[in-house]
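S.K.: This is the structure, below, for whatever I ask next.
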Amino acid sequence: MAEVVLMKGNEAIAESAIRSGCLYYFGYPITPQTEIAAYMAKTMPKRGGVFLQAESEIAAINMVYGVAGSGKRVMTSSSSPGISLKQEGISYLAGSELPALIVNVQRGGPGLGGIQPSQSDYFQATKGGGHGDYRNLVIAPASVQELYELTVKSFDLADKYRMVCMILGDGTIGQMMEPVAFKEKEDTVEIAKPWATTGMHGREKHNTITSIYIDPDDLEAKNRELQEKYREIEEKEVMFESSNLEDAEIVIAAYGTCSRICKNVIRQAAELGIKVGMVRPITLWPFPSKEFARVADMPSVKGFLDVELSSGQMIEDVRLAVNGKKPVYFHGRMGGNLPTQKEILDEIVKIHKGEM
Amino acid sequence: MAVVFQKTKGLTDKPFHYCPGCMHGIIHRLIAEVMEEMDILDKTIGVASVGCTYNNYDYFSCDMVQAAHGRAPAVATGIKRCKPEEMVFTYQGDGDLASIGTAEIVHAAARGEKICTFFVNNAVYGMTSGQMAPTTLLGQVTTTSPLGRDAETRGYPINVSEMLSTLTGAVYIERVALFDYKHIQEAKKAIAKAFRVQQAGLGFAMVEFLSTCPTNWGKEPIEALEWCKEKMVPQYPLGVFKGKDLEV
């Protein structure tokens, strides 16, 4: 029987990770994600796991590297400035093809910025973030229930593709409380990792975890391998939710917190006789480009409205997918502010009247 | 015919890439011999760092992980925390450990992580061709201290062993040299003691090796040995800084 618990988003991530067999957590305190660390500190010892408060974000991500190399499920979490510090380690994880979960509960930037919710790390998360040609799987849940379910899925994806899976939330998603229905047992299987450095224990050859390839041909071959993996992921792992698309005149592109606000706007627009639909990317990388291209071809659709807690980052991917077939308008707030339903509705009315 | 000497099983057959007169080869062999003699090759995970020894994962015949610059103690912490039964060591130079990685080494020691660190101090950056290291001596000429290191603008050398020995979590710290047979044997004993400290689960152990870099010092190998003895030892005295009476 499913157990229903009222939980903060951050706590749901932590509980979900432990249920997924992740028994190693390394982190450094930063608002607004600290509940993850606190939950882990309290819960891990009882469940036979390890919680370690590292001396820095840099140390934490390298501890993650050590555990991931040993073949165990492992995670770290932070918020925007801390995630910037982790980028070196994330690039090494990509180069060494190590699976790990990294959670970014975003806050406003740049610099120390603020502690209120933001989606301004989209570029950093989806385009690589650190040095080198690499990608992370980036997942953007929009409810506490989704945080739970998608965290479980993240570990499977990370293991399957031997890469970093990032949960990209924001201060609102992390801090809000909602009921979560936990399954009795998680549907997740840890796969064999014969490449891991576990100690040889009779194995004939020693295993090596490394990201350095001094010979240019070797490094190019490694990069080609990585790119091949990324193309496979783009084919197989795209997740999105499309709603109200039938006869839609205006289609909203929004993820996470923004998509929740926009859901209400869709209802309000309907009362005014404007048909508004939404495509909500769940994976930000791989991006649901095909879905946006398909919707752009729908004759009823006059244009798109991209809504973000940023100056407009995801909109670049929306525009690439729409490819000039329809106009893509933008509404965003920054600094930790959220757009109101009225603000968004006003934009929709203007687009509908052809005033944009 | 009786075999009186053979290469340790702790090393692979891959030839070292190190410069003539460099001591990494000796230190590698000593660590490898100790691992073989203690019968721990099968249960050891080593962490290579950034510098001339970045690829010593090709030389040690145990499982190896290559870490980002300065981060080996954090990587080793992760490994040891999830594999407490395995033996874990880091192999780091002075740029890696005493400059970019000071936070990681200090906190690994402070936490008393049950790992061994083998710290090679040759007073210079080797791989990037002879820049000033935190351990460069006052007056020493490097490509980034072309008039010799001056304290006024470049600060003072860091004595890592002395510094770490102030931490409760660090239980065994020894500085050794390699300029003659006697010292090499003592260095080997120190490596074995560090591994035994880890085996006994006592805490953090580090052996600092005074080493030479003839290429970047601009000296002949023999001359470099003399320089190490005459110039480095007064700044970096040999001996046990922590855990002298430790019975393991």
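S.K.: Kirkwood Rh over alpha-carbon pairs of the range B:134-241, then Stokes-Einstein at 10 °C and 1.306 mPa s: what D in µm² s⁻¹, rounded to an integer?
M.R.: D = 105 µm²/s.
S.K.: Let me ask something else. Given the -39500 (n - 2.57) contribution per DSSP H run of 4+ residues, what per-residue ellipticity at 222 nm results for chain A, rounded to the nearest 500 deg cm²/dmol?
M.R.: -12500 deg cm²/dmol
S.K.: I've got another one for you. DSSP loop (so not H, G, I, E, B), at most 12 other Cβ within 10 Å: list which GluC sites (Glu not before Pro) in the range A:139-216 pass both filters.
M.R.: A:Glu184, A:Glu204
S.K.: Give me log10 I(q)/I(0) at q = 0.21, 0.26 Å⁻¹ for the range A:287-334, Debye formula, one equal scatterer per alpha-carbon, no solvent.
M.R.: For the range A:287-334, the Cα-only Debye profile gives -0.66, -0.93.
S.K.: Kindly provide the Kirkwood hydrodynamic radius of the protein assembly as shown in Å, to one decimal, from all pairs of distinct alpha carbon atoms.
M.R.: 26.1
S.K.: Once the Cα atoms of helix A:34-43 and of chain A are each reduced to a long axis, what angle between those two axes, in degrees from 0 to 90 to the nearest 10, is obtained?
M.R.: Roughly 40 degrees, rounded to the nearest 10.
S.K.: If the limit is 25 Å between Cα atoms, which of A:Lys222/A:Lys290; A:Lys42/B:Lys83; A:Lys222/B:Lys7 go over it?
M.R.: Listed pairs above 25 Å: A:Lys222/A:Lys290; A:Lys222/B:Lys7.
S.K.: Summing +1 for each Lys or Arg and -1 for each Asp or Glu, what net charge is found among the other residues whose Cβ lies under 11 Å from the Cβ of B:Glu113?
M.R.: +3
S.K.: Here's another thing I want to ask about it. Under 8 Å for C-alpha pairs, at least 6 residues apart: give me the relative contact order for chain B, rounded to a whole percent.
M.R.: It comes to 19 percent, rounded to a whole number.
S.K.: Output the relative contact order of the range A:241-353, whole-number percent, from Cα pairs under 8 angstrom with separation of 6+ residues.
M.R.: 31
S.K.: State the Cα centre-to-centre distance between the range B:134-154 and the range A:105-134 in whole Å.
M.R.: One Cα centre to the other: 39 Å.
S.K.: Just to compare against my own numbers: the Cα pair-distance distribution for the range A:1-62, 10 Å bins, whole % per bin, please.
M.R.: In whole percents, the pair-distance histogram is 23, 52, 22, 3, 0.
S.K.: Mind jotting down the distance between the C-alpha centroids of the range B:28-77 and the range A:166-180, whole Å?
M.R.: 40
S.K.: Please compute the volume of the convex hull spanned by the alpha-carbon atoms of chain B and report it per residue in Å³.
M.R.: Per residue, the Cα convex hull of chain B comes to 126 Å³.
S.K.: Right, next: Run the numbers on chain A and let me know its relative contact order in percent, using alpha-carbon pairs under 8 Å that are six or more apart.
M.R.: In percent, rounded to a whole number, it is 17.
Just so you know, all these numbers are worked out from the coordinates, no wet-lab data involved. Worth saying up front: this structure is predicted, and the values here are computed from it rather than measured. We place every Cβ from the backbone using ideal geometry, glycine too, and count neighbours over all the protein chains shown.
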